[in-house]
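Structure first, commentary second.
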Amino acid sequence: MNTASASPADAPPTAAGRQRILVWDAPSRLFHGLIVLSFAGAYLSAESERWRLLHVTLGYTMAGLVAFRLVWGLLGTRHARFAAFVRGPRAVVRYLQAALRGRAEHHVGHNPAGALAIVALLLLAAAVSATGWALYDGPPAARFEDWHEGAANAMLALVGLHVCGVVFASRLHRENLAAAMISGRKTGRPQDGIGSARRGVAALLLAAVLGYWWLQWQTVASSGGAADRPPAAARPTPAADADD
């Protein structure tokens, strides 16, 4: 299903037949806010031994959020589904070329360039989470530290590029895309909106995240700080123990 509205970028967003419509459901908006919080917190606490538990907790939270978004990309509302916004390389190139000329088509949901950034961010978030697990809980291997750091830095760079793209598209289409991700509403045709914000799903997602955080801290409190163990790469291997 093609959910893009094919109005030129220079058409006023308040054209006839357009009004404020609900585009982004509550789970998508909550996912967006939580993954920003999780990545920022994990990145800032990466170099601190004191905040290792926070770093690990937020990293695993990010992994869970990615898993949720993959499911929601198949079962979610209209504009949250991957089928509604993921396009091939040609569509992305056409959109970028038109955007540079100031005449890119306006999309109610994600535009092709934004969709590419979202898919890349999900893949990098999965890579950061996987290498973080390997570094902290997996078999000892020092190389995972370089992979984990490289994936995190690549994700940070892509986040910066994504923010620049949001600012550029907001000016191009004369709508505040960042505010739309908070409110869930954009200007468009009534038939392009979604019927429900799915707040119940968002409440379950928030409860799952907060519950996981609470369990993490409870585990540490009951174990006397056992979760502050060194990462796998810093622990001796069984072979090293045998040599001793």
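Things worth noting here:
- When its C-alpha radius of gyration is set against 2.2 N^0.38 Å (N residues), region 46-87 gives a value of 1.66.
- When peptides 122-129, 58-65, 35-42 are sorted by average Cβ neighbour count within 10 Å, with the highest value leading, the order is 58-65, 122-129, 35-42.
- Ordering 106, 123, 33 by Cα displacement along the dipole of region 19-243 toward the positive end leaves 106 in first place; charges were set at the Cβ atoms of Lys, Arg (+1) and Asp, Glu (-1).
- Dipole moment magnitude, nearest 20 debye, region 94-216 about Cα centre, only Lys, Arg, Asp, Glu C-beta charged: 800
- In plain terms, the residue of 194, 182 with the fewest other Cβ atoms within 10 Å comes first and the most crowded comes last, giving 182, 194.
- Size descriptor for region 19-243, Kirkwood hydrodynamic radius: 19.3 Å (Cα pairs only, one decimal).
- As a calculated quantity, the FRET efficiency between residue 90 and residue 174 at R0 = 25 Å, using C-beta atoms, amounts to about 0.40.
- Computed E for residue 204/residue 44 - FRET, C-beta separation, R0 25 angstrom, nearest 0.05: 0.35
Here, each number is a calculation from the coordinates, and none is a lab measurement. Keep in mind the model is a prediction, meaning the values are calculated, not measured. Neighbour counts run over all protein chains shown; Cβ positions are idealised from the backbone, glycine included.
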